[in-house]
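Here is the structure we will look at, set down as structure tokens.
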Amino acid sequence: MTPPTPDGIRESLQRLRRDAGDLRRRPARETLAALARVLDGWRDRASPWRRGLEDELPACTGFSPENVRAGLDLALAPLSGDALHALVTRELGGVASLEGSAGTLVRGFETCAVLLAGALPTPTLVALVAPLVLGSGVLAKTSLHDPVTAGWLARSLGEVDPGLGACLAVAPFRGDDVACTEALLEADCVVASGSDETIARLRPRVLPPRRFVARGHRVSVAALGPEAVHGEPLASRAAGLALDVALWDQLGCLSPVSVFAAGDRAAADRVAETLVEALERAERRLPRGRLAPGAAAAVAREREEAEFRAAAGRDVRLLAGASWTVVREEDASPRPAPLHRFVRVVPVAGCAELLDALRPLGPHLAGVALAGFGSESGDVARSLGALGASRLCAPGRMQAPPLAWHQDGQGVLQPLARFTDLELGSDFPGM
């Protein structure tokens, strides 16, 4: 595909304004039904769109084909047409609000630019479908790490509903192309995913009345309470955590980078050893993909650093295989997370120490895989929510967030919507 020019991006935005206007003039329930068919199609393993993405994604992302297939199986399962209808009811009050026949009129912006980041395909699908629900024309800047998912979604939309497909355009340009970025930021609404530095650079350039929706850097962890650090409960939770880590090679915001183990040092050792066994099994089923030189160097550097601390008499254990690394730490001091199946197991005495350890992560905390806290589970969950976690789930479910997940504490549709309250009475029949 020929890289776009700034003038070409501006022309795309103008075309999207026109085509999205046609979209908004038809019944919203028709658009919603078409989007529901698209999502259900993506969940079908035999779908040509799904097969095409499975064929192309390993080459450009480095994920193994087995990982892509398993990751899509798990992540697409909650993204159904029924879930989309339920999301519209939950966040917008139902499709009647999109058609102006309820007490509130809900509509999107004429154009919505979506700057994609990362290599995982399902966040891309959600990010691009959401503004279409609201009748916005969508211009997607593809991620350097996944240049193909947006194109396959556009193809699926066009095959199900050509009018809807015309409302999604794809712009594959590099993030350091300043001129193209400036043109893209002329959209009426801008959704940006990426590092905190990326968000900070873009935010001042999108001024009201245009809207800026940020999805910044996030990190996830696991926390195992006293009831989940021994015996069969530990074996089961470790298997789930190994899946959470192995899928997408730990590169998603919901991939746990650390496991906090409540109890004494022996409990943390048991967790580390059992997790190693589970990661070995996961590797046979879900081989790790290729590592870029920089990523391989980061993993090697952190392995060497753990070995150095252990050799210096620090109470640290390094358990490493060809494609995974587990470090049982001596305390909860913050340390780098090189990803690519690198996990730190951190001993904590109990709930209070767990929360103290996670407090520095609060502004960036996405999800926590939580198990084994018994009667304290409710209190722990509320405290984690207060710290900033937007998703708590059982180990093994981290990579299958529901469509309605409040990522970053925000809704899926509401941040992209404009609301008008209708208090018109009998003077406006039919409203």
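Checking every residue in segment 292-306 against the condition of being out of contact with any Gly (no Cβ under 7 Å at 6 or more places or on another chain) and part of a loop (DSSP other than H, G, I, E, B) gives at least one match. Screening Phe173 on (1) out of contact with any strand residue (DSSP E or B) (no Cβ under 6 Å at 6 or more places or on another chain); (2) among the aromatic types (Phe, Trp, Tyr); (3) at pLDDT 95 or above shows it passes everything except condition (3). Evaluating Ala183 against the criteria (1) surrounded by fewer than 19 Cβ atoms within 10 Å (Cβ to Cβ); (2) in contact with a Pro (Cβ under 9 Å, 6 or more places away or on another chain) leaves one unmet condition, (1).
Those residues that are among the charged types (D, E, K, R) and surrounded by fewer than 17 Cβ atoms within 10 Å (Cβ to Cβ), I need them from segment 55-68; list them, please. Correct list: Asp55, Glu66.
Okay, residues lined up against (1) among the β-branched types (Val, Ile, Thr); (2) closer than 30 Å to Thr420 by Cβ; (3) surrounded by fewer than 23 Cβ atoms within 10 Å (Cβ to Cβ):
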| site | (1), (2), (3) |
| --- | --- |
| Ala70 | no, no, yes |
| Leu79 | no, yes, yes |
| Val88 | yes, yes, no |
| Gly93 | no, yes, yes |
| Glu110 | no, yes, yes |
| Thr122 | yes, no, yes |
| Val126 | yes, yes, yes |
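The combined condition, being within 25 Å of Pro121 (Cβ to Cβ), at pLDDT 95 or above, in contact with a His (Cβ under 7 Å, 6 or more places away or on another chain) and not basic (Lys, Arg), is fulfilled by Ala36. Residues that are within 22 Å of Lys141 (Cβ to Cβ), in a helix (DSSP H, G or I), modelled with pLDDT of 95 or more and of a type in the set (Phe, Trp, Tyr) do occur in segment 39-51, at least one of them. When each of Ala130, Ala96, Ala102 is tested for being among the hydrophobic types (A, V, I, L, M, F, W, C), assigned to a helix (DSSP H, G or I) and modelled with pLDDT under 95, the lone residue that passes is Ala96. For beta carbons closer than 7 Å, sequence separation of 6+ or different chains, a first residue in segment 280-300 that is over 13 Å from Phe63 (Cβ atoms) and a second that is surrounded by 12 or more Cβ atoms within 10 Å (Cβ to Cβ) and polar (S, T, N, Q), the qualifying pairs are Glu283/Ser323; Val299/Thr325. Of the candidates Gly367, Gly378, Gly362, the single residue that is modelled with pLDDT of 95 or more and out of contact with any strand residue (DSSP E or B) (no Cβ under 7 Å at 6 or more places or on another chain) is Gly378. Comparison of Ala46, Ala77, Ala70 shows that the only residue that is under 19 Å from the mean Cα position of the chain (by Cα), over 15 Å from Leu125 (Cα atoms) and not β-branched (Val, Ile, Thr) is Ala70. Only one entry in Gly409, Gly396, Gly388, Gly372 is surrounded by 14 or more Cβ atoms within 10 Å (Cβ to Cβ), without any contact (Cβ under 8 Å) to a residue 40 or more places away in the chain and on the phi > 0 side of the Ramachandran plot, namely Gly388.
The values are calculated or read from the model by the stated rules, or taken from the named source; none is laboratory data. None of these values were measured; they are calculated from a predicted model. Cβ: placed from backbone, ideal geometry, glycine included. Neighbour counts: every protein chain shown.
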